Amino acid sequence: METITSHSLVKRKLPSRPSFVPELVYFEPGALDYEKGQRIYKWVQEQGIPLRMTTSHNRITNLPGDSELEQYKIAKRTLVVGVRKTLKFDTSKPSAEYAIPIATGCMGHCHYCYLQTTLGAKPYIRVYVNTKEIMEAAQGYIDERKPEITRFEAACTSDPVGLEPITGSLAELITFMADQEYGRLRFVTKFHHVDSLLGLQHNGHTRIRFSVNSKYVIKHFEPGTSRFEERIEAAAKVARAGYPLGFIIAPIIWHDDWEQGYGELIESLAKTLPPEASQQLTFELIQHRFTKTAKNIIERRYPRTKLEMDIEKRKYKWGRWGQGKYVYPDEKADALRLFLSERIFEHFPSATIDYFT
Ligand code: SF4
């Protein structure tokens with residue numbers, strides 16, 4: 001029997017987060033007319049995952065589970081394979097011109113995730129098999145705007161890296177965008193499953209960003225995602241593969257010892273990343289915000305969350321389309337922005353901070 005010493009515990013590498021395997025899969029019959037649909041269908045059968053048919057990927061009404069909470073948890077492990085019918089893209093400011101729809105929903109359980117509000121009663125994970133039609137629509141948007149560059153964000157409604165081992169959709173988009181003089185792709189992730197992307201021809205037209213945070217935030221609010229060390233290891237790999245790299249620090253949370261937490265975060269990025277990472281490195285900084293609707297949903301779904309959502313301690317920011325958001329009051333937001341900007345430029349003097357919001 002192996003003797004476990006404190007030394008062996010320190011030295012031993014924690015097991016890697018396995019890639020996502022759903023527990024239940026629905027198919028729209030039309031999805032089987034596509035090669036990708038056929039491929040996923042075969043994989044689901046080989047894995048022995050229960051499989052059901054559905055008339056529409058937008059109407060899954062018979063999910064198992066006795067309570068709303070139970071159904072929510074099951075939905076997060078349910079994959080729905082369908083055909084994307086709406087090929088009109090949403091805008092995606094400030095990080096890109098358009099959101100490119102390859103998936104909706106995510107298996108992560110980040111307490112603060114805005115998908116909880118935007119996906120409403122449909123938290124299951126939808127992937128779209130008609131990538132070719134989606135890319136043709138993207139081509140239309142690029143042609144319309146050229147010679148301006150058009151940027152597409154692939155992670156507005158999902159975390160596509162976590163789904164890449166099943167779909168391969170990012171690889172298709174990256175290869176497509178490599179040939180686009182006026183098109184660029186970007187996505188952000190909390191997962192580390194990037195290996196299939198490393199050898200692709202990308203021509204620097206895809207920026208891969210990793211969502212990172214202080215240890216406190218990752219530990220308390222990001223269950224179901226890859227560990228910080230795995231994300232950084234993946235970031236180093238994509239930098240070595242020549243991809244432009246970025247980090248999104250979001251949500252920035254004012255917690256006890258936040259200065260220490262965020263200081264350590266930037267230091268460990270500087271210590272771990274290879275020199276290639278500093279070329280064209282970008283940061284996007286987003287302070288924590290919530291709406292009243294989000295607060296209600298989060299308190300129902302994660303009743304023991306430590307996420308601070310005290311309206312009294314926040315500033316109300318009017319929304320352009322309807323309900324406003326609660327952000328930190330100016331003095332706290334300024335302190336967070338200043339502290340992080342200083343640490344970033346201290347360790348990465350040639351990096352760009354795209355925005356703080
Ligand atoms: S990984 Fe991203 S998309 Fe998934 S639950 Fe967390 S915040 Fe939401």
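Structural remarks
- One residue stands out among those in segment 140-149 that are within 16 Å of Asp179 (Cβ to Cβ) and touching a residue at least 40 places away in the same chain (Cβ under 8 Å): the one that is farthest from the ligand (Cβ to nearest atom), which is Ile142.
Every residue, every condition in (1) of a type in the set (Ser, Thr, Tyr); (2) more than 13 Å from the ligand (Cβ to nearest atom); (3) at positive phi, yes or no:
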residue	(1), (2), (3)
Ala103	no, no, no
Met107	no, no, no
Thr118	yes, no, no
Ala121	no, yes, no
Met135	no, yes, no
Arg151	no, yes, no
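- The condition of being more than 16 Å from the ligand (Cβ to nearest atom), in contact with an Asp or Glu (Cβ under 6 Å, 6 or more places away or on another chain) and of a type in the set (A, V, I, L, M, F, W, C) does not hold for Ala178.
- Count of residues meeting criterion [within 17 Å of Ser16 (Cβ to Cβ), out of contact with any Gly (no Cβ under 6 Å at 6 or more places or on another chain) and either assigned to a loop (DSSP other than H, G, I, E, B) or not basic (Lys, Arg) (or both)] in segment 220-237: 12
- Check on Ala96, buried (at least 20 other Cβ atoms within 10 Å of the Cβ) and small (Gly, Ala, Ser): yes
- Residues in segment 184-219 that are crowded, with 16+ Cβ neighbours inside 10 Å, in a helix (DSSP H, G or I) and either away from the ligand (no atom under 13 Å from the Cβ) or touching a residue at least 12 places away in the same chain (Cβ under 8 Å) (or both): Leu197, Tyr216, Val217.
- Positions within segment 112-141 being touching a Ser or Thr at 6+ places or on another chain (Cβ under 7 Å) and surrounded by 21 or more Cβ atoms within 10 Å (Cβ to Cβ), in sequence order: Tyr124, Ile125, Arg126, Val127, Thr131
- Within segment 295-325, the only residue that satisfies the criterion of being hydroxyl-bearing (Ser, Thr, Tyr) and over 22 Å from the mean Cα position of the chain (by Cα) is Tyr316.
- Hits in segment 110-123 - residues which are within 16 Å of Ala155 (Cα to Cα) and touching a Gly at 6+ places or on another chain (Cβ under 9 Å): Cys110, Leu115, Leu119, Pro123
- Residue check, Leu170 out of contact with any Ser or Thr (no Cβ under 9 Å at 6 or more places or on another chain) and either without any contact (Cβ under 8 Å) to a residue 60 or more places away in the chain or within 15 Å of the ligand (Cβ to nearest atom) (or both): no
- Test result for Phe348, within 20 Å of Ile232 (Cβ to Cβ) and either of a type in the set (Asp, Glu) or within 24 Å of the chain's Cα centre (by Cα) (or both): yes
- In segment 18-55, the residues that are part of a loop (DSSP other than H, G, I, E, B) and of a type in the set (Val, Ile, Thr): Val21, Ile49, Thr54, Thr55
Yes or no, residue by residue, for (1) part of a loop (DSSP other than H, G, I, E, B); (2) touching a residue at least 24 places away in the same chain (Cβ under 8 Å); (3) of a type in the set (D, E, K, R):
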{"site": "Thr61", "(1), (2), (3)": "yes, no, no"}
{"site": "Gly65", "(1), (2), (3)": "yes, no, no"}
{"site": "Glu70", "(1), (2), (3)": "no, no, yes"}
{"site": "Val80", "(1), (2), (3)": "no, yes, no"}
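- Matching strands (runs of 3 or more DSSP E) fully within segment 264-357 where at least 2 residues are modelled with pLDDT of 95 or more, surrounded by 14 or more Cβ atoms within 10 Å (Cβ to Cβ) and touching a strand residue (DSSP E or B) at 6+ places or on another chain (Cβ under 7 Å): 282-287, 322-327, 352-356
The values are calculated or read from the model by the stated rules, or taken from the named source; none is laboratory data. Everything numeric in this text was worked out from a predicted model, so none of it was measured. In this analysis, Cβ positions are derived from the backbone assuming ideal geometry, glycine residues included, and neighbour counts consider all displayed protein chains.
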